[in-house]
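Following: one structure in structure tokens, then a few remarks.
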Amino acid sequence: MTIYGNAKVPVCLLPEAFAAACEGEKLHFDPAARCDIAVSGDFITAVAPPDQLEGARIDLEGRMVFPAFVDVHTHIDKTCAWNRAPSFSCNFEEAGQRFQSDKAVWNEEDLYRRGHFSLKSAWAHGTAAMRTHLDGSEQVSDLVFSVYNRLKAEWAGRITLQAVALTGIDFFTAPEGRGRAEKLVDMGADFLGVMPQMNPHLDRDLDRLMALASDLGVGLDLHVDENNDPSSECLRRIAQAVLRNEFPHPVFCGHCSSLALQEPARQSETLNLVKSAGIKIVSLPMCNLFLQDRKVQESSIHGPTTGTPLWRGITLFHEMLDLGIPVACASDNVRDSYFAYGDYDMFEVYVQSIRIGQLEPYLERTPQLVTATPAAYMGLRDYGTIEPRKKAELVVFPARSFNELLSRPYAPRQLISGESFRQPEIPDFSELD
Ligand SMILES: [Zn+2]
């Protein structure tokens, strides 16, 4: 057994007994408590106030410790293609065009190299589980899922992977939809994913999609209202469809950006529907900040713009947290035409989410956005908090408080795997050449 002594851990990720250690101003500014973490083999066996546990100690000297991150919304098939498919205008429309043309050059070796690089990056930054959307179209799904299954097997024991088969909603609601969905589930899809759009058939299509998913026994993971059009109310329609159909499986809604631009009374109604329907929200703040309110008009290197972005593109983060609607934050696209940057670093996602969303009033709950909540979304019992019976995959930061942690986000961190430290081996970009 090894004791990692004198760790400082966010109280929301510790056993409940530690909650009393943080009250008043401390809860507002530095909601973390000192503790010793006992580890035997791969698992945490005890967490106690400092100096109460007997055994060989490694003193962490009051440094901040998080459990391994869980990244619940990624795209490891599209990823790391920016160099060959950059978007000049960096807006949503051109991103889609660039992605479609890049897809034409996908092959097994290329998909494997980019996917493997993504997992190496994530693992080096302290992530232990990821859910990825994968292209479910007939054009590439055999290839994409074959590479995914190879990566899933190779990374088992380090990164737990889940997959969403992502297509347009018509793909599943067509007469051939059932066969297509069955094939994707057989190939390894854990969820069906679509990007619904407002149209006169939306309710009918959602009913068909939910009937299909019910029959197959899978949940839905959807890209929802990723735009700045207040009349885009797919989130509301999805919530109504869940309630109307009594859909029994989990429903995850990513983005939900346009909700933030609607009338307050309408927002409030939709949020109540979302809560009643038990929908789980995934916010992708870095991708939203990049794509939303982008005003470049032409696809040229120095195309004219119509001005500076005026909104941040994120969903109603505060209102959801106030209502107790579950929210997780995730990477989304990384170095592809939808988002030029990123490195599967969930700590970057965490810090950026706090800054973009002005989440300081919710600081004590923020660590859950990238750990406990997405772990629950993925049904992972071993991850998400620092408690007995959880995996001892831990991230140690050179910071003694939340303020130090959030002020120096690029400082090198240490990684604990079981009873030893492991080297964070961030892959060289040349591995993608
Ligand atoms: Zn996405």
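Report, ordered by chain and residue number, the lysines lying within cross-link reach of LYS103, taken as a straight Cα distance under 25 Å and ignoring same-chain residues fewer than 8 apart.
LYS78, LYS120, LYS152, LYS183
Go ahead and estimate [θ] at 222 nm for the chain from helices alone: -39,500 (n - 2.57) per DSSP H run with n ≥ 4, summed, over the residue count, rounded to 500.
It comes out at -10000 deg cm²/dmol, rounded to the nearest 500.
Say R0 is 35 Å: what FRET efficiency, to the nearest 0.05, do ALA17 and ASP42 get from their beta-carbon distance?
0.90
Order of SER214, SER353, SER89 from fewest to most other C-beta atoms within 10 Å?
By the 10 Å Cβ count, ascending, the order reads SER214, SER89, SER353.
What does the convex hull of the Cα atoms come to per residue for segment 1-154, in Å³?
174
When a footprinting reagent is the concern and you count Cβ atoms within 10 Å, what order do GLU182, GLU425 take, fewest first?
The order, fewest Cβ neighbours first, is GLU425, GLU182.
May I ask you to derive the FRET efficiency for GLU404 and TRP311 from their Cβ-Cβ distance with R0 = 25 Å, giving the value to the nearest 0.05?
Step by step, r from the Cβ atoms, then E = 0.25.
For the chain, what's the relative contact order in percent, using C-alpha pairs closer than 8 Å and at least 6 residues apart?
After rounding, I find 24 percent.
At 0.36 nm per residue, minus the direct Cα-Cα distance, what do ARG84 and GLU319 gain on full extension? Give it in nm, one decimal, please.
Contour length minus the Cα-Cα distance gives 80.6 nm.
Please arrange LYS120, LYS8 by how many other C-beta atoms lie within 10 Å of their C-beta, fewest to most.
LYS120, LYS8
What length, rounded to one decimal in nm, is gained on full extension from SER146 through to GLU93, with 0.36 nm per residue of separation minus their alpha-carbon distance?
In short, 16.2 nm is gained.
Which one, TYR350, TYR383, TYR112, has the greatest fluctuation when you compute a Gaussian network model over the chain with C-alpha springs under 10 angstrom?
It is TYR112.
Between GLU108 and GLU54, what is the FRET efficiency for a Förster distance of 45 Å, r being their Cβ-Cβ separation, to the nearest 0.05?
0.30
Taking the Cα centre as origin and putting +1 on Lys and Arg beta-carbons and -1 on Asp and Glu beta-carbons, what dipole magnitude results for the chain, to the nearest 20 debye?
300
Nearest-5 percent of antiparallel DSSP beta bridges in the chain?
40
Can you tell me the mean projection area, over all orientations, of the convex hull of the chain's alpha carbons? Units nm², please.
20.9
Just need the relative contact order of segment 232-368 here, percent rounded to a whole number, with Cα pairs under 8 Å and 6+ apart.
The value is 23 percent.
Each reported figure results from applying straightforward, stated rules to the coordinates on display, with no laboratory input. Only a predicted model underlies this, so the values are computations on that prediction, with no experimental measurement involved. Counting neighbours? That spans all protein chains shown, and the Cβs are built from the backbone with ideal geometry, glycine included.
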